[in-house]
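Have a look at the structure below before the remarks.
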């Protein structure tokens, strides 16, 4: 006898076919659908126009983040084609960044005076190991990395592990903290060769958003790996937290 919750194929009666699941997962809210209708899907807009559209379409009760998404012509599987770095946005990100610093001795005092939100040595490492993650960016002095390395499984997946390439492993704590507080953002290619970077809030003036956008694009172009061939900047789009992506013409001339 077939159980009541199964059909004759042994499939749960309320189970959904892959197509049905996809339709449910891709269903968007009214706000998103209304905004998407204002965007020509195949058109590439000038960056200034695209950013203005993102601001004009935002109707949320909170100050949405504006994000820049760039598809690069690299193969991240190869170490010499990975793109990673950081850039200080001219006008910041529009959010308060909580910084923790792993340091010891006199460097702890330097970090505190520079404005770090939390400072500690092995005691702070243990606290994070126990599950405390009430911060946004972690900075460490090189002599602390032996201990901080234990946090790789905790901070790594969250993109919060201190790294020399991003300037978060350094003895110059004052500069590192000041840069982060001023609006320093990190970028790194994902497995598909995409980079996602926040460039401000929809409440920013258009000029400020545009200047932040240009700062990130310039940094990405300068970070081009020598091993990358052909079209480097494949696609550039901008969007708000809850809005649709708008493709732009930025960087389309960056060829070999």
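The values are calculated or read from the model by the stated rules, or taken from the named source; none is laboratory data. Here the structure is a predicted model, which is why all the values come from computation and not from measurement. Note that we place each Cβ from the backbone using ideal geometry, even for glycine, and neighbour counts take in every protein chain shown.
The figures follow:
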| quantity | calculated |
| --- | --- |
| Options 51, 68; residue that is closer than 28 Å to residue 227 by Cβ and in contact with a helix residue (DSSP H, G or I) (Cβ under 7 Å, 6 or more places away or on another chain) | 68 |
| Identity of the residue in the range 93-111, farther than 17 Å from residue 201 by Cβ and assigned to a loop (DSSP other than H, G, I, E, B), that ends up nearest to the chain's Cα centre (by Cα) | 98 |
| Matching residues, the range 156-173, being in a helix (DSSP H, G or I) and at pLDDT 95 or above | 173 |
| Evaluation of residue 153 against (1) free of Cβ contacts under 8 Å to residues at least 60 places away in the same chain; (2) part of a loop (DSSP other than H, G, I, E, B); (3) farther than 30 Å from residue 47 by Cα (one fails), failing number | (2) |
| Residue among 121, 126, 114 that is outside the structural domain of residue 88 (by TED's automatic domain parsing), under 20 Å from residue 88 (Cβ atoms) and either modelled with pLDDT of 95 or more or surrounded by 12 or more Cβ atoms within 10 Å (Cβ to Cβ) (or both) | 114 |
| Filter result for residue 20 (within 30 Å of residue 212 (Cα to Cα), in a helix (DSSP H, G or I), more than 23 Å from the chain's Cα centre (by Cα) and at pLDDT below 90) | no |
| Qualifying residue in the range 120-135 (condition: touching a helix residue (DSSP H, G or I) at 6+ places or on another chain (Cβ under 6 Å) and assigned to a loop (DSSP other than H, G, I, E, B)) | no |
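The rows are residues; the columns are (1) surrounded by fewer than 11 Cβ atoms within 10 Å (Cβ to Cβ); (2) in contact with a strand residue (DSSP E or B) (Cβ under 9 Å, 6 or more places away or on another chain); (3) at pLDDT 80 or above.
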| site | (1), (2), (3) |
| --- | --- |
| 6 | no, yes, no |
| 30 | yes, no, no |
| 51 | no, yes, yes |
| 58 | no, yes, yes |
| 64 | no, yes, yes |
| 80 | yes, no, yes |
| 90 | no, no, yes |
| 95 | no, yes, yes |
